[in-house]
Amino acid sequence: MVKVTVYCEDLNRTPIKELAEKTFGGAVVFAGLEKLGAKSDILIVDHALANRLKRDETQGFGQVCLFFNDRLYDVSRGDDLAEERSALMARGDWSGAKDLNEVLCDIDFLCKNAVNRSYPDFLQIESTDFCNSRCIMCDHYFSRNKNAQILSAETLDHLRDAIQLSRRINLNGIGEPFISRDIKSQIDFYVGYGNKIVANTNLSVLDDGLIERIAKHFEWLAISVDGARKETYESIRIGMSYENLLNNLERLREKAPHVKKIISMVIMRQNVCEMPEMIELAHRYGVDQVVFLSLNTNLIIGNLRDSLQYYPKVTKYYSVKALQRGAELGVNVVVANNPGRDCEVRWEDIQDELEEMRSLPMWKTPEQEQKMMKMAALVEDYFKTHDRLQDSAAPSKVRCAGVCDWLLKSCYTNLSGDISMCCRNLAYRAGNVDREGRFLDVWNAPLLREAREIFYAGYVPEPCLKCGMIESGELKYLSVDINSDFYEDTELKKEQKREARRLLGEDHDA
């Protein structure tokens, strides 16, 4: 008698059992993740739980099937399903094609495929690299929109098949999306293929047309707010108005109450003490979640001592306060290396670090900004002749299981058509969709195939070290054994720092 093992959510037990008995006959046994070591003739995996099978749980079964939308899919029939997806696309059945693409994504994951048949269902497409703010921790602090552009219709057209199969599109790159003159027509183009929209914004621009589209088509909107107080906010986000921010937060609350709103705050020594106040601000304006992000230091800016790695007790103290305030007000709070709101850190224990933090100047003088601009020009001139495409990735010593979501479900494309390894490893470029013409050719280029192979072999690729998404645990298809090796600089980063210090002077603060 055929034995069928089922790994599924409780609510799907009945439909899967009925379908398995009708399709295969035999005995149906339900098993938890830890029981999948006992092999049988057939394994049925619920789509809702497929991302949990990060190791070799499917090995040893005679046949593996995926349960999705009341149908069973044999994972060995990926090529046939890809043809079926193409037929649905030809008919303009975007919903059906997206569903089949999601099945193919699960198959790629369960089979540990380095070459994906599936397209990503989350696209981050840079709308513009113009920005109307000069934040003190960002490249725009010194780049001043030099050579900035907006997304072209040609690049969008080369991404059309990926857009047809995606479910969500993020409008962001390194600029402010809402200041692009084409942003409304691009949103309309995306939603025409059944996509929901998400974005990160400084919320400085919010006209009626944008509010209407946000209310109708957006799944979530993340607003960058790096200070709960006017002086801090406007000193960090140079060019922004605190009053304008609050006014637009209020308009969002009134006009788009159902859209999930997130405040993103990069924490550094200049604003760490305002973490609890940021929770209160979020609650006041109907914001659902506050995410506190670690500062990525910049050699040209020279902001190493702004990083909270030098003030661990202060960071923990205010993180706990923020978590506690979030629990009181019903605001979800995300903190990297979450200490838990029951962690006890006493006020008297952080005084030495507070004194050290406050002993340093908080903001650059005009003379220091001019020096920074000269350094930026020096580095730019150097990289015009010495920059090289990062087209390979080596494994680190950090162990993992599964694969990064950005190699399976998500993709970053800049406004020039370059597809990168992810939204944070922009220097690692797989290829250009404008030159290649077909999205899938770049999606399966050597760099991305190599990175998938490294992950599936149980190691984190070097470019992925120090990743905040790994650190926060937000990646669904990957688990990582984080240790001290995870916080090491990659060889590329070490080389870049050595070269930058040579150019800028050995005593320059990273």
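Return the residue satisfying two criteria in turn: it lies in the stretch 404-418 and is among the hydrophobic types (A, V, I, L, M, F, W, C), assigned to a loop (DSSP other than H, G, I, E, B) and in contact with a strand residue (DSSP E or B) (Cβ under 8 Å, 6 or more places away or on another chain), and of such residues it is surrounded by the fewest Cβ atoms within 10 Å (Cβ to Cβ). Before the answer, list the steps.
Within the stretch 404-418, the subset among the hydrophobic types (A, V, I, L, M, F, W, C) is 404, 406-408, 411, 415.
In the following step, the residues that additionally are assigned to a loop (DSSP other than H, G, I, E, B) were identified as 404, 408, 415.
Remaining after also requiring in contact with a strand residue (DSSP E or B) (Cβ under 8 Å, 6 or more places away or on another chain): 404, 415.
Working: CYS404: 25, LEU415: 22.
Top of the filtered list is LEU415.
When you go through ALA327, ALA393, ALA336, ALA401 one by one, which is the residue that is farther than 30 Å from CYS105 by Cβ, surrounded by 13 or more Cβ atoms within 10 Å (Cβ to Cβ) and under 28 Å from the mean Cα position of the chain (by Cα)?
Working: ALA393 fails: farther than 30 Å from CYS105 by Cβ; ALA336 fails: farther than 30 Å from CYS105 by Cβ; ALA401 fails: farther than 30 Å from CYS105 by Cβ.
Result of the check over ALA327, ALA393, ALA336, ALA401: ALA327.
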*Does at least one position in the stretch 266-274 carry a residue that is assigned to a helix (DSSP H, G or I) and surrounded by fewer than 17 Cβ atoms within 10 Å (Cβ to Cβ)?*
no
*Kindly provide the set of residues from the stretch 187-199 that are open to solvent by less than 50 Å² (accessible area, probe 1.4 Å) and in contact with a strand residue (DSSP E or B) (Cβ under 8 Å, 6 or more places away or on another chain), ordered by number.*
ILE187, TYR190, VAL191, ASN195, ILE197, VAL198, ALA199
_Among the candidates VAL266, VAL225, residue that is of a type in the set (Val, Ile, Thr) and in contact with a Leu (Cβ under 6 Å, 6 or more places away or on another chain)_ = VAL266
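Given the criteria in contact with a strand residue (DSSP E or B) (Cβ under 8 Å, 6 or more places away or on another chain), at pLDDT 95 or above and more than 29 Å from VAL272 (Cα to Cα), does LYS184 qualify? Lay out the reasoning, then the answer.
Values: in contact with a strand residue (DSSP E or B) (Cβ under 8 Å, 6 or more places away or on another chain): no; at pLDDT 95 or above: yes; more than 29 Å from VAL272 (Cα to Cα): yes.
Considered against the rule, which asks whether it is in contact with a strand residue (DSSP E or B) (Cβ under 8 Å, 6 or more places away or on another chain), at pLDDT 95 or above and more than 29 Å from VAL272 (Cα to Cα), LYS184 comes out as no.
For the stretch 472-496, what are the residues that are open to solvent by 40 Å² or more (accessible area, probe 1.4 Å) and either assigned to a helix (DSSP H, G or I) or touching an Asp or Glu at 6+ places or on another chain (Cβ under 8 Å) (or both)? Explain how you work it out, then say what you get.
Within the stretch 472-496, the subset open to solvent by 40 Å² or more (accessible area, probe 1.4 Å) is 472-474, 476, 479, 481-485, 487-488, 491, 493-496.
Of everything in the stretch 472-496, those that are open to solvent by 40 Å² or more (accessible area, probe 1.4 Å) and either assigned to a helix (DSSP H, G or I) or touching an Asp or Glu at 6+ places or on another chain (Cβ under 8 Å) (or both) turn out to be SER472, LYS476, ILE482, SER484, ASP485, TYR487, GLU491, LYS493, LYS494, GLU495, GLN496.
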*asked:* Looking only at the stretch 162-178, filter to residues that are touching a helix residue (DSSP H, G or I) at 6+ places or on another chain (Cβ under 8 Å) and open to solvent by 40 Å² or more (accessible area, probe 1.4 Å); which one of those is farthest from SER307 (Cα to Cα)?
replied: ARG167
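Quick check on SER392: is it closer than 21 Å to GLU499 by Cα, of a type outside the set (Phe, Trp, Tyr) and in a loop (DSSP other than H, G, I, E, B)? Give the steps one after another, and end with the answer.
Numbers: closer than 21 Å to GLU499 by Cα: yes; of a type outside the set (Phe, Trp, Tyr): yes; in a loop (DSSP other than H, G, I, E, B): yes.
Against the criterion (closer than 21 Å to GLU499 by Cα, of a type outside the set (Phe, Trp, Tyr) and in a loop (DSSP other than H, G, I, E, B)), SER392 qualifies.
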*Within the stretch 2-25, can one find any residue that is open to solvent by 20 Å² or more (accessible area, probe 1.4 Å), touching a Lys or Arg at 6+ places or on another chain (Cβ under 6 Å) and of a type outside the set (Lys, Arg)?*
no
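So for the stretch 42-62 (the condition being in contact with a Gly (Cβ under 7 Å, 6 or more places away or on another chain) and open to solvent by 60 Å² or more (accessible area, probe 1.4 Å)), does at least one residue qualify? Walk me through how you get there before you give the answer.
Filtering the stretch 42-62 for residues in contact with a Gly (Cβ under 7 Å, 6 or more places away or on another chain) gives 42, 54.
Narrowing further to those that are open to solvent by 60 Å² or more (accessible area, probe 1.4 Å): none.
For the stretch 42-62, residues in contact with a Gly (Cβ under 7 Å, 6 or more places away or on another chain) and open to solvent by 60 Å² or more (accessible area, probe 1.4 Å): absent.
Would it be correct to say that ASN132 is closer than 22 Å to LEU293 by Cα and touching a residue at least 60 places away in the same chain (Cβ under 8 Å)? Talk me through it step by step, then tell me what you get.
On the way: closer than 22 Å to LEU293 by Cα: yes; touching a residue at least 60 places away in the same chain (Cβ under 8 Å): yes.
Yes.
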*Give the stretch 424-461 a look and list any residue that's closer than 29 Å to ASN298 by Cα, in contact with a helix residue (DSSP H, G or I) (Cβ under 9 Å, 6 or more places away or on another chain) and surrounded by fewer than 18 Cβ atoms within 10 Å (Cβ to Cβ), or say none.*
ARG424, ALA427
*Could you figure out which of (1) in contact (Cβ under 8 Å) with a residue 60 or more places away in the chain; (2) outside any loop (DSSP other than H, G, I, E, B); (3) in contact with a Lys or Arg (Cβ under 8 Å, 6 or more places away or on another chain); (4) closer than 30 Å to ARG251 by Cβ isn't true of GLU280?*
(1)
_Complete set of residues in the stretch 33-46 that are modelled with pLDDT of 95 or more and either out of contact with any strand residue (DSSP E or B) (no Cβ under 6 Å at 6 or more places or on another chain) or on the phi > 0 side of the Ramachandran plot (or both)_ = none
*Quick one: is LEU49 part of a helix (DSSP H, G or I), at pLDDT 95 or above and on the phi < 0 side of the Ramachandran plot?*
yes
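Go over the candidates ARG117, ARG91 one by one and state the one that is of a type in the set (Lys, Arg), more than 28 Å from ASN303 (Cα to Cα) and surrounded by 16 or more Cβ atoms within 10 Å (Cβ to Cβ). Full working, then the answer.
Details: ARG91 fails: surrounded by 16 or more Cβ atoms within 10 Å (Cβ to Cβ).
Testing whether each residue is of a type in the set (Lys, Arg), more than 28 Å from ASN303 (Cα to Cα) and surrounded by 16 or more Cβ atoms within 10 Å (Cβ to Cβ) leaves just ARG117.
The values are calculated or read from the model by the stated rules, or taken from the named source; none is laboratory data. Keep in mind the model is a prediction, meaning the values are calculated, not measured. Neighbour counts are summed over all protein chains in view; Cβ atoms, including those assigned to glycine, are modelled from backbone coordinates with ideal geometry. Surface areas here come from the heavy atoms of the whole protein model, side chains and all, with no ligands, DNA or RNA. Shrake-Rupley method; radii C 1.70, N 1.55, O 1.52, S 1.80 Å.
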